[in-house]
Amino acid sequence: MNEFEDLLNSVNEVAPGDVVTAEVLTVDAGQANVAIAGTGVEGVLTLRELTNDREADINELVKVGESLELLVLRQVVGKDTDTVTYLVSKKRLEARKAWDKLVGREGEVVTVKATRAVKGGLSVEFEGLRGFIPASMIDTRFTRNTERFVGQEFDAKIKEVDPAENRFILSRRDVVEEVAAAARQEVFSKLTVGENVTGKVARITSFGAFIDLGGVDGLVHLTELSHERNVSPKSVVTVGEEVEVKVLALDEEEGRVSLSLKATTPGPWDGVEQKLAAGDVIEGKVKRLTDFGAFVEVLPGIDGLVHISQISHKRVENPKDALTVGQDVTVKVLEVNAADERVSLSIKALEERPAQAEGEAKAEKRDSRPRRPKRQEKRDFELPETQTGFSMADLFGDIEL
């Protein structure tokens, strides 16, 4: 009877919430039976209360004879034998310790592991404690595909800790932004306007390409990708490609870097005087039409202008009436101005002037000359010299008075 009373007293000494030390007696069927030290009673440690990994093998996690520190969850009484055992947990004890470690640590950065994607964000684990990262706090841009982070370990900043509400919120974005800010500051300290730098194409958009300069993404605008006009960014660069670019402008406050790819490559106008000269007759393709003429590509990246007056000997009201975009034409070079990047061309200079057109041209030329004013006739008369010195008597002497 005394032994039985001692046994009952020892059972009463174990209560839910107690932290106890236990020895593993057996490991079987996905659970371990343990003897709680100093009590004479046993406990049951299931795989679920040992780890969050449902696929884990319990035989690899605990061994017979191993001593464990456990948290008592509740008492379990056998239906047939009236034996008393206790459900214990290693996982929850670790979580309690983790909560104790977290209290008051808001703002600190810790390393967590993403365990699964959940509605609205990511579930992560820190020292056995489950935390949550909202989707808006995963990265600097809103992340829809949270699955890609599952299984990864990364740093996150503690935003909120509330053990009573079992609330543990973290932010990966804060860490990413701080790292990016430090890297940006370092990169800006090394960049100089006008210098050439090397980077990798990070992403391509409809308006250009972003180049990773080692912590800062610089933009090569569509107009700075190539010397050719109206090119697609994807036809010039590819993601991951290493390129040399020129720094055009820096705005550290806004974190912007303007770059140029075409500035690092020879332009089509370089040495154009050796390729084109006045009087040359060459083949070209009509690239675009305007009200005042047609632009014809005569060399890669070089468009010359055929003024509306140089399209034909006949009068042309609109270049669209005589030419079409994409049409192949033969032109004569009238002038090459490399400094202003202009080439003047003529189509009619290679055509014979029609006789009728020649006559009309002369007529137009005559009509265009300014007319001289008609000479005004002099209407003043002078008496002949023979009349000077005559008296009135000489003139009217034969008249009777």
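The values are calculated or read from the model by the stated rules, or taken from the named source; none is laboratory data. Here the structure is a predicted model, which means the values were calculated and not measured. As a convention, Cβ positions derive from the backbone with ideal geometry for all residues, glycine included, and neighbour counts pool all protein chains shown. Areas reflect the complete protein model, heavy atoms only, side chains present, ligands, DNA and RNA absent. Shrake-Rupley method; radii C 1.70, N 1.55, O 1.52, S 1.80 Å.
For the reader, a short list of remarks on this structure follows.
- Among (1) out of contact with any Ser or Thr (no Cβ under 7 Å at 6 or more places or on another chain); (2) open to solvent by 20 Å² or more (accessible area, probe 1.4 Å) - the single one residue 76 does not satisfy: (1)
- Residue pairs whose Cβ atoms lie under 6 Å apart, sitting 6 or more positions apart in sequence or on different chains, and linking a residue in segment 189-213 that is touching a residue at least 40 places away in the same chain (Cβ under 8 Å) to a partner that is open to solvent by 60 Å² or more (accessible area, probe 1.4 Å) and assigned to a loop (DSSP other than H, G, I, E, B), are 201/239; 201/241.
- Check on residue 258, under 17 Å from the mean Cα position of the chain (by Cα), within 21 Å of residue 181 (Cα to Cα) and surrounded by fewer than 19 Cβ atoms within 10 Å (Cβ to Cβ): yes
- Qualifying residue in segment 260-275 (condition: in contact with a Gly (Cβ under 9 Å, 6 or more places away or on another chain) and of a type in the set (D, E, K, R)): no
- Any hit, segment 57-68, residues being farther than 18 Å from residue 172 by Cβ, assigned to a strand (DSSP E or B) and open to solvent by 60 Å² or more (accessible area, probe 1.4 Å): yes
- Residue 155 meets each of the listed conditions (1) assigned to a loop (DSSP other than H, G, I, E, B); (2) of a type outside the set (A, V, I, L, M, F, W, C); (3) surrounded by 15 or more Cβ atoms within 10 Å (Cβ to Cβ) apart from (1).
- Entry remark, segment 92-147: residues being under 29 Å from residue 20 (Cβ atoms), among the charged types (D, E, K, R) and open to solvent by 80 Å² or more (accessible area, probe 1.4 Å) number 8 in total.
- Number of residues in segment 308-341 that are within 15 Å of residue 280 (Cα to Cα) and either of a type outside the set (Asp, Glu) or not assigned by the TED database to the domain that holds residue 290 (or both): the value is 8.
- Evaluation of residue 292 against (1) closer than 21 Å to residue 229 by Cβ; (2) surrounded by 14 or more Cβ atoms within 10 Å (Cβ to Cβ); (3) among the hydrophobic types (A, V, I, L, M, F, W, C) (one fails), failing number: (2)
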